[in-house]
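Each value in this text was obtained by applying a stated rule to the coordinates, not by laboratory testing. For clarity, every value in this text was computed on a predicted model and none was experimentally measured. Every residue, glycine as well, gets a Cβ built from its backbone with ideal geometry; the counts of neighbours run over all protein chains shown.
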Amino acid sequence: MKKICTVLMIALFIAVHGTGTIYGTDTGDFNIFLERKIIVGPLENLGDEKYGYLYESLRDQLALLISDAPFIVPTDQERAFLYTLSLKEEYEKAFAQTEGKILYRMNPFVLKGELNAEDFPFHVFGSYLVYKPEGIADAILDLRIDVYNTITGTERDSIHLEGTLSDYIDAPREFLYPFLPQFLRYTIHRATFTAEPLEALIFVDDRLMGIGEARNILVTPGLHRLTVKGEGYLEYRDLLQVTEDGFTRHVTLQKEQRLIRYLITSTPEAAQVYLDEKYQGETPISIAVSPSNRTLTLSKEGYRTESVAVQNLPLAGGSLNFGLIEAGIDKELREKADRHQKRSRVLAWTGLGVLGSSIFFGVMSTLKQQEADLYQGSDPGRSADAQKASNLYTTFLYSSLVLAGGIFTISFVETVQYFKIYNQVTEYEQIPLVRAEVTF
């Protein structure tokens with residue numbers, strides 16, 4: 001009955017106020033377009049009053065669990081509602097902070113308090129019962145959690161959690177965890193990261209999550225940046241693919257040994273930097289390199305991946321700028337050089353063929369000239385015909401020699417172009433990666 005009255009009270013508030021001015025929205029830094037308010041309300045004790053102490057404990061643990069959620073995903077109906085609010089003058093300043101966008105992901109803004117409709121929150125409330133069945137040594141905690149969405153005016157099915165009271169007392173977060181995926185309505189995994197030394201700082205996606213250990217933090221499936229830092233140790237960076245619930249990773253930091261620090265920049269910027277295949281970040285970035293490191297690699301989509309041996313870097317450290325080169329240029333140059341080479345070969349063989357024809361024409365011209373000289377006195381007609389043929393073959397001879405010379409000349413030019421472009425390919429491959437060095 002109490003649950004029904006609560007829902008009716010919220011519905012009545014929304015019916016009266018609609019989407020007009022919302023009173024009592026001053027909650028500090030809360031922004032209705034950036035954050036989704038969640039009020040953890042009353043949890044009614046349906047059993048023995050001696051278990052009343054669980055009231056505040058359950059609310060506290062539930063609020064902490066929800067506040068650790070990576071984000072809240074508003075439905076299309078909620079986003080449409082927020083768009084209506086954004087058109088109102090009193091929300092103009094708050095909406096400007098989103099750069100004029102209705103977000104698909106909002107930060108959880110969790111409060112404990114009585115149920116109300118200020119800022120149209122989610123209401124999380126319910127009841128619990130502690131009982132002890134016969135033959136069971138430990139008491140049973142039966143918890144029912146209800147969620148009411150004041151924006152859409154809809155209530156979700158009750159979420160039922162049950163276990164021994166000892167289970168809750170020993171691990172309250174583990175007991176309540178099954179509620180969270182049902183509330184968030186997207187896949188979420190728990191991940192645990194540990195590090196040595198114990199005072200190392202653990203960052204996940206650039207957020208400090210723990211010192212020495214970060215247990216059962218909530219992350220979405222996919223890639224996440226893990227950074228572990230410790231004074232006197234090499235900084236550890238890696239991109240991790242979280243694929244399952246219960247993902248774990250242990251990191252042992254290496255002590256700094258004759259570290260050399262470099263400020264890595266690139267042209268263009270935002271190139272990914274890897275040290276021995278371990279992701280460090282994007283340029284510009286300052287990294288510490290030890291003698292045990294082997295290669296420094298820069299990668300950017302659309303550009304050639306470049307690597308340089310650590311031993312070839314300046315020992316004094318400094319600022320290094322890497323000039324990245326567009327991918328595919330060497331391939332284009334090689335293809336162009338191959339075309340010139342093929343044309344040169346075809347022309348050379350053609351020139352040899354024409355030169356062979358010149359030899360034939362020269363032999364035939366000589367034979368006909370001899371025939372003309374032989375029959376000059378005995379057969380003037382045959383001699384004249386032979387002389388004409390000799391003159392014609394001589395013309396063919398000179399023409400073929402000129403043609404062969406031209407073909408060989410063009411073939412030589414194609415060969416020169418081939419070597420010229422081939423040298424460009426060689427120069428391209430030998431372009432120095434580090435364009436500038438400025439010692440700190």
| query | Magnitude of the Cβ-charge dipole of the stretch 213-307, K/R +1 and D/E -1, about the Cα centre, nearest 20 debye? | reply | 260
| task | Grab the other residues whose beta carbon is less than 14 angstrom from that of residue 227, score K and R as +1, D and E as -1, and report the net. | result | +1
| When the Cα centres of the stretch 174-243 and the stretch 265-327 are compared, how far apart do they sit, in Å? | 27
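Counting Lys +1, Arg +1, Asp -1, Glu -1, what net charge surrounds residue 156 among other residues with beta carbon under 10 Å of its beta carbon?
Numbers: positive: 185; negative: 146, 155, 157.
Combined, the nearby Lys, Arg, Asp and Glu give -2.
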| Unit Cα scatterers, Debye sum, the stretch 260-327: log10 I(q)/I(0) for q = 0.17 Å⁻¹ | -0.52
| request: Treating only the Cβ atoms of Lys and Arg (+1) and Asp and Glu (-1) as charged, compute the dipole magnitude of the stretch 61-192 about its Cα centre; round to the nearest 20 debye. | output: 380
| query | What is the pair-distance distribution P(r) of the stretch 2-184, computed from all Cα-Cα distances in 5 Å bins starting at 0, with each bin given as a whole percent? | reply | 1, 7, 16, 19, 18, 14, 10, 7, 4, 2, 1, 0, 0
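Considering only DSSP beta bridges with both partners in the stretch 260-327, what is the antiparallel share in %, to the nearest 5? Provide the component values of the computation, followed by the final result.
Details: 18 of 24 bridges.
The antiparallel proportion sits near 75 percent.
What number, in percent, do you get for the relative contact order of the chain if the mean sequence gap of Cα pairs under 8 Å and at least 6 apart is divided by its residue count?
Numbers: 758 pairs, mean separation 43.4, N = 440.
So the answer I get is 10 percent.
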| remark: Nearest-0.05 FRET efficiency for residue 208 and residue 363 at R0 = 60 Å, using Cβ-Cβ distance, is 0.05
| request: Go through (i) 22.9; (ii) 24.6; (iii) 30.1 and flag the label whose value is the computed Kirkwood radius over Cα pairs in Å for this structure. | output: (iii)
| Among 295, 283, 75, residue whose mean-square fluctuation peaks in a GNM of the chain (springs only between Cα atoms under 10 Å) | 75
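For the stretch 171-241, state which chymotrypsin sites (Phe, Trp or Tyr not before Pro) are in a DSSP loop and have at most 14 other beta carbons lying within 10 Å of their beta carbon. Present the calculation step by step, with values, prior to reporting the outcome.
Details: sites: 175, 179, 183, 186, 193, 203, 233, 236; in loops: 186.
Filter output for the stretch 171-241: 186.
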| query | Against the longest alpha carbon principal axis of the chain, how many degrees, from 0 to 90 and to the nearest 10, is the axis of helix 380-429 turned? | reply | 30
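Taking the Cβ of residue 382 as the centre, find all other residues whose Cβ is under 14 Å away and add up their charges (Lys, Arg: +1; Asp, Glu: -1).
On the way: positive: 368, 388; negative: 371, 373, 379, 385.
Taking every other residue near residue 382 into account, the sum is -2.
If you count, for each residue, the other Cβ atoms within 10 Å and average over each peptide, how do 57-69, 300-312 line up from highest to lowest?
On the way: 57-69: 17.7, 300-312: 14.0.
Ranking, from highest mean packing down: 57-69, 300-312.
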| message | Can you give me the angle between helix 54-67 and the longest principal axis of the chain, using Cα atoms only, in degrees from 0 to 90, rounded to the nearest 10? | response | 20
| task | Round to a whole angstrom and tell me the spacing of the C-alpha centers of the stretch 352-389 and the stretch 91-160. | result | 111
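Compute, for the chain, the length of the dipole vector about the Cα centre, with Cβ point charges of +1 (Lys, Arg) and -1 (Asp, Glu) only. Units Debye, rounded to 20.
Rounded to the nearest 20 debye, it is 1920 debye.
Return the FRET efficiency for the residue pair residue 139, residue 308: r is the Cβ-Cβ distance, R0 is 56 Å, and the value is rounded to the nearest 0.05.
Details: r = 66 Å, r/R0 = 1.17.
Calculated value: 0.30.
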| task | With unit charges on the beta carbon (Lys/Arg positive, Asp/Glu negative), name the residue among 272, 126, 391 whose Cα is farthest towards the positive pole of the charge dipole of the chain. | result | 391
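Which whole-number percent is the relative contact order of the stretch 27-139 (Cα, under 8 Å, 6+ apart)? Mind showing how you got there, number by number?
On the way: 148 pairs, mean separation 58.3, N = 113.
It rounds to 52 percent for the stretch 27-139.
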| query | Using Cα atoms only, what is the angle between the long axis of helix 2-17 and the major principal axis of the chain, expressed in degrees (0 to 90) to the nearest 10? | reply | 60
